[in-house]
Structure formats: C-alpha cells, structure tokens
Amino acid sequence: MHDALVTLRDAATPPETFRRIAVRISLLLTAEATRDLPTAALRVVTPLGPAAGRQIGANVVVVPVLRAGLGMLDAVLELLPNARVGHIGLQRDEMTAVASRYYAKLPPDLRTSYVLMIDPMLATGGSAVAALDMLRAAGAAQVRMICIVAAPEGIALVERHHPDVHIYTPVIDQGLNAQKFIVPGLGDFGDRLYGTA
Ligand code: URA
C-alpha cells in the first residue's frame, strides 16, 4: 500500500501512472473496508467434485464523490461487481473550500444496503460531511468511507457529524495549508488523475 502511496504523492508521476496506482491502492482499501460484510454460503462443483464457498450476501452501493472519486470506482467494482453505483457531484469553491452540490443520483433501497462512499482526499471534511448528509437523508444506515489521504481536520469533522461512519485510510497527513490542501498530500487528486492541472 505505501509504495503505491509514495508514487501517487510524487509530483513527477504522470496521469497514466497515477490512474493505475490509484486503482491499485483502492483495491487494497476496498478489501479492507469490506472484510466484515455478511456472506452467504454456496456450493459449486469443481472438475473433481462439490466444494463449499462463500459470497457476499449483502446489497452494496458504492458512491463516488465526483470527480476524484471516479478514480477509485473501477477498483471497487472489480471486487464488488454486483454493487450498484450512486453518484454525488460536489464542487469545492477554490476561495472558500466550501462544497456545493451540482449532481446527485442514488439508487433506491439505501436503507437496506451497505454504502461505500469513495472520496480520495479527506481534507477539511466539508465535502465528506455534505455527501454523508445526503446519503443519510436518502435513508442510508450502514455507511463507510474510503479515502487515500486524510487530514486530521477532516477526520475530526466527519467524526463530529457522523460518528458511526467508519473511515478507511492508509495515512493521516500533517494537516491543511492556507488553501485547504492536504500537506504533504499529493496535490489536487482530480487534476492529477485527469491531467487538468
Ligand atoms: N482535494 C484534493 O484533491 N487535494 C487536497 O489536498 C485537498 C482536497
């Protein structure tokens, strides 16, 4: 996990590599965040006879926070191919760092689903709390979030507003700079992912 993280941090990493490594680290995080999901028993027949196994026995909804969360989506769907996907679009004002919503489309039955919110940079926590508020308002009860870099400020805000949401992150960085970027962080995740810097 940490060799992937250092590649993401490196300002010299080009978008093609950044995207690939973001998928790799997201696979590892998804495995960790879904370790305790309920499973159901099933039997299959191998070429040599019957075998018992288990498969995920819960409805899972994955919700990327646009646009950076899209960089983690393929990895989550690789491990949870039957998950349904909701989208939440939040735009951070570059001056105030306040998040405003420009898009939301969530599947029904959130109440009975395990919701996995994916947002790679937990900075001030403003977008995460706004997205979690929307998920709660739509009925989500079991919510966990995955991020790739977290700041203490963001973790504190999420814990204050949504104490029951588990946050999965490989690292907690020093803090935020005056522009509310995570330090040392990795810069703007969306820009690094899509080459829009
Ligand atoms: N969003 C990013 O992409 N990077 C940060 O450091 C903070 C928020």
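The values are calculated or read from the model by the stated rules, or taken from the named source; none is laboratory data. The structure displayed is predicted, hence computed values, not measured ones. With ideal geometry, Cβ positions are generated from the backbone for all residues, glycine too; neighbour counts draw on all protein chains shown. In case anyone asks, the SASA skips ligands and DNA or RNA and just uses the protein heavy atoms, side chains included. Shrake-Rupley method; radii C 1.70, N 1.55, O 1.52, S 1.80 Å.
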Scan the range 184-197 for residues that are under 20 Å from the mean Cα position of the chain (by Cα) and either within 8 Å of the ligand (Cβ to nearest atom) or free of Cβ contacts under 8 Å to residues at least 24 places away in the same chain (or both) and jot them down.
G185, L186, G187, D188, F189, G190, D191, R192
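Inspect the range 27-35 for any residue being closer than 22 Å to V165 by Cβ and within 16 Å of the ligand (Cβ to nearest atom) and give the result as yes or no.
So in the range 27-35, the residues closer than 22 Å to V165 by Cβ come out as 27-35.
Filter once more, so that each one left must be within 16 Å of the ligand (Cβ to nearest atom): none.
No, the range 27-35 contains no residue that is closer than 22 Å to V165 by Cβ and within 16 Å of the ligand (Cβ to nearest atom).
Can A97 be described as modelled with pLDDT under 95 and open to solvent by less than 20 Å² (accessible area, probe 1.4 Å)?
Numbers: modelled with pLDDT under 95: yes; open to solvent by less than 20 Å² (accessible area, probe 1.4 Å): yes.
So A97 fits the description; yes.
Tell me, yes or no, whether the range 164-185 has at least one residue that is polar (S, T, N, Q), closer than 18 Å to S26 by Cα and modelled with pLDDT of 95 or more. Please lay out each step first, then the result.
Within the range 164-185, the subset polar (S, T, N, Q) is 169, 174, 177, 179.
Subset that is closer than 18 Å to S26 by Cα: 169.
Pick out the ones that are also modelled with pLDDT of 95 or more and you get 169.
Yes, the range 164-185 contains a residue that is polar (S, T, N, Q), closer than 18 Å to S26 by Cα and modelled with pLDDT of 95 or more.
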For the range 68-94, give me each residue that is open to solvent by 60 Å² or more (accessible area, probe 1.4 Å), part of a loop (DSSP other than H, G, I, E, B) and over 16 Å from V129 (Cα atoms).
P81, N82, E94
Assess whether T169 counts as being out of contact with any Asp or Glu (no Cβ under 8 Å at 6 or more places or on another chain), more than 10 Å from the ligand (Cβ to nearest atom), in contact (Cβ under 8 Å) with a residue 12 or more places away in the chain and open to solvent by less than 80 Å² (accessible area, probe 1.4 Å).
yes
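Report, by residue number, each residue of the range 121-130 that is over 12 Å from V165 (Cα atoms) and open to solvent by less than 10 Å² (accessible area, probe 1.4 Å). Spell out how you get there, then give the answer.
Start the filter on the range 121-130 by keeping residues that are over 12 Å from V165 (Cα atoms), which leaves 121-127, 130.
Result: L122, G125.
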For residues that are within 15 Å of the ligand (Cβ to nearest atom), out of contact with any Leu (no Cβ under 8 Å at 6 or more places or on another chain) and among the acidic types (D, E), tally how many sit in the range 111-153.
1
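Do we find a residue being among the β-branched types (V, I, T) and closer than 28 Å to D36 by Cβ anywhere in the range 126-138? Quick ask: steps written out before the conclusion?
Of all residues in the range 126-138, those among the β-branched types (V, I, T) come to 129.
Narrowing further to those that are closer than 28 Å to D36 by Cβ: 129.
Within the range 126-138 (the criterion being among the β-branched types (V, I, T) and closer than 28 Å to D36 by Cβ), the answer is yes, since at least one residue qualifies.
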Can you work out which of the residues in the range 29-48 that are out of contact with any Leu (no Cβ under 9 Å at 6 or more places or on another chain) and in contact (Cβ under 8 Å) with a residue 12 or more places away in the chain is nearest to Y114 (Cα to Cα)?
P38
